[in-house]
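> Take a look at the following structure, please.
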Amino acid sequence: MRNLSRLLQEIKDNPVIYIDKPSITCLDFFVGGYLSQLSNLGLTPEGYPMEGFNEWMQERAKTNITQSWLEIILFLSSSEKDAFYMFFELFKKFKKQKNNSKTQESEDVLRLRQDLMFPRFDIYKEILGAIKKRPGMYLGTSSITRLDMLLRGYSFARREVGVPPTEPEREFEGFQSWIEEKYGINSGQSWAKIILFYSVDEHEALQKFFELFEEYLNRNKSLGVEENCG
């Protein structure tokens with residue numbers, strides 16, 4: 001399992017591979033899904049240099065308002081892309097300061113705190129349940145892109161550890177090709193981008209995703225019944 005600092009560096013160097021574009025929000029939700037799934041599996045990534053970063057950002061911004069590091073950096077930036085690169089500049093300063101003050105302290109073990117608020121459930125099993133009912137709790141706002149990044153981080157963690165895909169995961173793998181066929185698109189774009197392209201905004205795209213995903217699951221059930229009857 002790779003060091004978290006190394007993974008962040010790889011995302012910085014090649015954001016398109018992991019999160020489609022340099023976007024601080026996409027980064028946040030990808031890492032959130034990644035850490036959440038490792039926690040669900042009872043595993044911890046080697047190194048957790050981000051511990052204390054949120055408090056450091058609040059102190060640096062001289063604010064007592066409960067805002068996440070993501071929200072603070074976005075406020076200080078002109079765009080998602082600018083915020084993405086600003087995060088790495090600030091994070092570098094934070095790590096240097098942290099290492100200077102804690103030179104003897106090991107950072108080899110991640111201790112997930114309850115206040116990190118990463119979702120702790122099988123995302124694919126609960127996707128039409130908890131997230132659909134309360135998207136704001138898990139995504140911050142109704143956004144198909146945030147959902148996509150969360151799922152990417154979740155899946156990346158499982159692949160990295162070598163966990164065999166669950167039945168819901170295997171079923172979800174076919175959703176991409178089903179969406180391409182439904183919309184007549186074979187451009188290599190993700191299911192989230194395709195749905196967003198045919199929607200007014202992120203909110204509508206997320207609602208449309210749930211409708212389409214339910215349609216997809218019902219179709220699979222119908223095909224399964226027909227095969228059993230045949």
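Rule-based calculations on the coordinates, nothing more; no lab input. Keep in mind that this is a model prediction, so the values were computed, not measured. In this analysis, Cβ positions are derived from the backbone assuming ideal geometry, glycine residues included, and neighbour counts consider all displayed protein chains.
> How about LYS21: which lysines have a C-alpha closer than 19 Å to its C-alpha, ignoring those fewer than 8 places off in the same chain?
LYS12, LYS81, LYS193
> If R₀ is 45 angstrom, what is the calculated FRET efficiency for the pair TYR183 and VAL161, using the beta carbon separation as r and rounding to 0.05?
0.85
> Can you give the FRET efficiency to the nearest 0.05 for THR141 and SER79, using r as the Cβ-Cβ distance and R₀ = 22 Å?
0.80
> Using a cut-off of under 20 Å, list every residue of segment 126-161 whose amide N is near the label point 7 Å from the Cα of ASN14 along the Cα-to-beta-carbon line.
Residues passing the 20 Å test: 149-161.
> Report the calculated FRET efficiency for ARG219 and PHE197 (r = Cβ-Cβ distance, R0 = 22 Å), to the nearest 0.05.
In this case the efficiency is close to 0.50.
> About the Cα centre of segment 139-230, how large is the charge dipole given +1 on each Lys and Arg Cβ and -1 on each Asp and Glu Cβ? Please answer in debye to the nearest 20.
Result for segment 139-230 is approximately 260 debye, rounded to the nearest 20.
> Then there is this: Quick check: the distance between the Cα centres of segment 197-212 and segment 162-183, to the nearest angstrom?
18 Å
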